[in-house]
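Below is one structure; the comments refer to it alone.
Read-outs: derived from the displayed coordinates by stated rules, not from any lab. Values in this document were obtained by computation on a predicted structure and should not be read as measured data. Positions of Cβ are backbone-derived with ideal geometry, glycine not excepted, and every protein chain shown enters the neighbour counts.
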Amino acid sequence: MPTICRLLQLSPDQADALVAQPQTLAQAVASANTHSDVYRYWHGIQYLLARHRPDSAAANWLSLGRPVSAATAAVPSARVVTPQEVAQLDAVIREIQPDDLIPDYDPLALDQAGVYPRTWVEWEETFDPLGQLLEHYSFLQMFVAKRAAAGDALLLYFEPMADGSV
């Protein structure tokens, strides 16, 4: 069962309210109308960005913001990313095109580093995980750019998904 990362739009007021009352997380997720996702490639994207731009906001984009839920062994904590952090992330990732990350991709290195889901070498035998990573990175770029332009906050929301597809 993969753990996926959803990206949900929050207004600044919604973000402040969720940080103040994290027990409303389920309601915030259910009421989100604008969203995207990076599916199960979230950790791989962060790994490639960290190798490509180690000293930037992109290198640890999954740690931006404030946690509003507890992490478990399988699911990272949900995080509210402020509009300022969204703008900073956008400024960095807009300069990094998906193809720029290709030289940083090494399935064995990802597995050895424990990058979720730790099946990169195995995946190489059955489909194109690099292509999937780059496609989902472009989804991240587009969504963050739209949210930054609108002055929105983001909710990074992780959930287990029963679907075992790529």
Query raised in the report: Of the residues Leu25, Leu48, Leu7, which is under 10 Å from the mean Cα position of the chain (by Cα), of a type outside the set (Asp, Glu) and surrounded by 13 or more Cβ atoms within 10 Å (Cβ to Cβ)?
Result: Leu7
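Residue-wise test of (1) of a type outside the set (Asp, Glu); (2) surrounded by fewer than 21 Cβ atoms within 10 Å (Cβ to Cβ); (3) in contact with a helix residue (DSSP H, G or I) (Cβ under 9 Å, 6 or more places away or on another chain).
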{"site": "Thr126", "(1), (2), (3)": "yes, yes, no"}
{"site": "Leu133", "(1), (2), (3)": "yes, no, yes"}
{"site": "Phe139", "(1), (2), (3)": "yes, yes, no"}
{"site": "Val144", "(1), (2), (3)": "yes, no, yes"}
{"site": "Ala149", "(1), (2), (3)": "yes, yes, yes"}
{"site": "Ala153", "(1), (2), (3)": "yes, no, yes"}
{"site": "Leu156", "(1), (2), (3)": "yes, no, yes"}
{"site": "Glu159", "(1), (2), (3)": "no, yes, yes"}
{"site": "Ala162", "(1), (2), (3)": "yes, yes, no"}
Requested in this report: Those residues that are free of Cβ contacts under 8 Å to residues at least 60 places away in the same chain and more than 16 Å from the chain's Cα centre (by Cα), I need them from the stretch 28-45; list them, please.
Outcome: Ala30, Ser31, Asn33
Query raised in the report: In the stretch 93-109, which residues are in contact with a helix residue (DSSP H, G or I) (Cβ under 8 Å, 6 or more places away or on another chain), surrounded by fewer than 17 Cβ atoms within 10 Å (Cβ to Cβ) and within 25 Å of Gln9 (Cβ to Cβ)?
Result: Arg94
Query raised in the report: What is the residue count in the stretch 1-30 for residues that are over 30 Å from Gln112 (Cβ atoms) and part of a loop (DSSP other than H, G, I, E, B)?
Result: 2
Query raised in the report: Of Val75, Val68, Val86, Val81, which residue is of a type in the set (Val, Ile, Thr), touching a residue at least 24 places away in the same chain (Cβ under 8 Å) and surrounded by fewer than 17 Cβ atoms within 10 Å (Cβ to Cβ)?
Result: Val75
Query - Test set (1) touching a residue at least 24 places away in the same chain (Cβ under 8 Å); (2) closer than 16 Å to Ile4 by Cβ - Leu48 fails condition number - result: (2)
Query raised in the report: Is it true that Pro76 is within 23 Å of Gln27 (Cα to Cα) and touching a Pro at 6+ places or on another chain (Cβ under 6 Å)?
Result: no
Query - Qualifying residues in the stretch 29-68 (those that are in contact with a helix residue (DSSP H, G or I) (Cβ under 8 Å, 6 or more places away or on another chain) and of a type in the set (D, E, K, R)) - the one farthest from Leu140 (Cα to Cα) - result: Arg66
